[in-house]
Amino acid sequence: MADILVSISDLRIFSYGTTIGCGLLLWMLEGLKPFFSPQKNRSVHAKLNLSMAGLNLLILLPSGMLMAFMLEWSRSVWPGIGILALPPFAEAMVIILLIDLWMYAWHRLNHETALLWKFHSIHHSDATLDVTTSWRFHYIEILFSELLRFPLFMLIGAGIEHLLLYSLLMTPVIEFHHSNISIPPAMDRLARLIIPSPMMHRLHHSRQRSEHDSNYGSMLSLWDRLFGSFLLSNNLEGLRLGLDNESDPGRQRFSALFMRPFRP
Ligand SMILES: [Zn+2]
Ligand SMILES: [Zn+2]
């Protein structure tokens, strides 16, 4: 068990290092070549989103440790797709694909269920999209997500190493598609063959419901293409980000966002 904890903590440190490193790089690039400009109060905006991320870490750290023990136990009882005896690399790829499919379904459920939207709308209420928006989630959404994905992971036989590997691959993609960097259209076209690109995710943050109920993918754009939620517009001029009636500074304070889903 000690060995498992050491390798898990190595992977976790590597995963956090990648998240912070990519985040800082994109933050710098946003300053040099922003897509939406002018950018006002970048650091005030970042401080709010980072405060929400800090709170979420308090949930993610203990739940990650608990998940590591529980998944290790569960695989000793039920191997999941381990029953197919695939080579380790192929098994890891299948598990990562299934986790990403779950993330797509979970995100879509957050848009299509009134109760879940109350929490997920906090992510969408950000009227200034940048890399820090990728860390802005209500803590109850994180809690629900942690609890609901656990039975699925047990069913498919995912180990904590698969989860960390997925997080290592997915987090830079999420940071990239939220980022406010201007990239050549050809690069965006190339990116969206595999991942949800910045142009795709900007539409996902549109105020118009017909636009924000689209492009749910986290790591792969495949699921949106497969399940009919892929949406594209090459002209994002006039795109209004955020949600109606949510841009008021009083509604964008940490305490207001913290309590919003519980208020009528
Ligand atoms: Zn969403
Ligand atoms: Zn988003």
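Before moving on, here are some points about what is shown:
- Segment residue 13-residue 76, extension gain: residue separation times 0.36 nm, minus the distance between their alpha carbons: 20.1 nm
- Helical runs (DSSP H, four residues minimum) scored at -39500 (n - 2.57) apiece and divided by the length of the chain put the mean residue ellipticity at 222 nm at -21000 deg cm²/dmol.
- Here the gap between residue 97 and residue 37, fully extended at 0.36 nm per residue and compared with their Cα-Cα distance, gives a gain of 18.0 nm.
- Gain in span if fully extended, residue 105 to residue 65, counting 0.36 nm per residue against the direct Cα distance: 11.9 nm
- Between helix 139-156 and the chain: long-axis angle, C-alpha atoms, 0 to 90°, nearest 10: 30
- The order of 243, 236, going from fewest to most other C-beta atoms within 10 Å of their C-beta, is 236, 243.
- Of the GluC sites (Glu not before Pro) in region 183-254, the ones in a loop by DSSP (not H, G, I, E or B) with at most 12 other beta carbons within 10 Å are 237.
- Modelled FRET efficiency - R0 41 Å, residue 256 with residue 226, Cβ distances, 0.05 increments: 0.60
- Over region 2-262, the fraction of Cα-Cα pairs per 10 Å bin, rounded to whole percents and listed from the shortest bin up, is 7, 29, 37, 21, 6, 1.
- Per residue, the Cα convex hull of region 38-139 amounts to 146 Å³.
- Its Cα centre serving as origin, region 2-262 has a Cβ charge dipole (Lys and Arg +1, Asp and Glu -1) of approximately 600 debye.
- Hits among aspartates and glutamates - C-alpha to C-alpha of residue 33 under 13 Å, sequence gap 8 or more where chains match: 130
- In summary, region 121-264 shows an alpha-carbon radius of gyration equal to 1.12 times the 2.2 N^0.38 Å reference for compact globular proteins.
- In region 145-247, the chymotrypsin sites (Phe, Trp or Tyr not before Pro) that fall in loop regions by DSSP, at most 14 other Cβ within 10 Å: 227
- Projecting label points 7 angstrom from Cα along Cα→Cβ for residue 44 and residue 155 puts them 4.6 nm apart.
- Between helix 114-124 and the chain there is an angle of about 60 degrees, using the helix long axis and the longest principal axis of the Cα atoms.
- Helix axis angle, 42-77 relative to the chain longest principal axis, alpha carbon, degrees: 20
- Here's the list of lysines a cross-link from residue 118 could span, going by alpha-carbon distance under 30 Å and ignoring same-chain residues fewer than 8 apart: 40, 47.
- Inter-label distance, nm, simple model (7 Å from Cα along the C-beta direction), residue 147/residue 112: 2.2
- Mean Cα-pair separation over length for the chain, i.e. relative contact order, pairs under 8 Å, 6 or more apart, %: 26
The numbers here are math on the coordinates, done by the rules we state, and not lab data. This structure is a prediction, so every number in the text was calculated from the model and none was measured. When we count neighbours, we look across all protein chains shown, and the Cβ atoms used for this are built from the backbone with ideal geometry, even at glycine.
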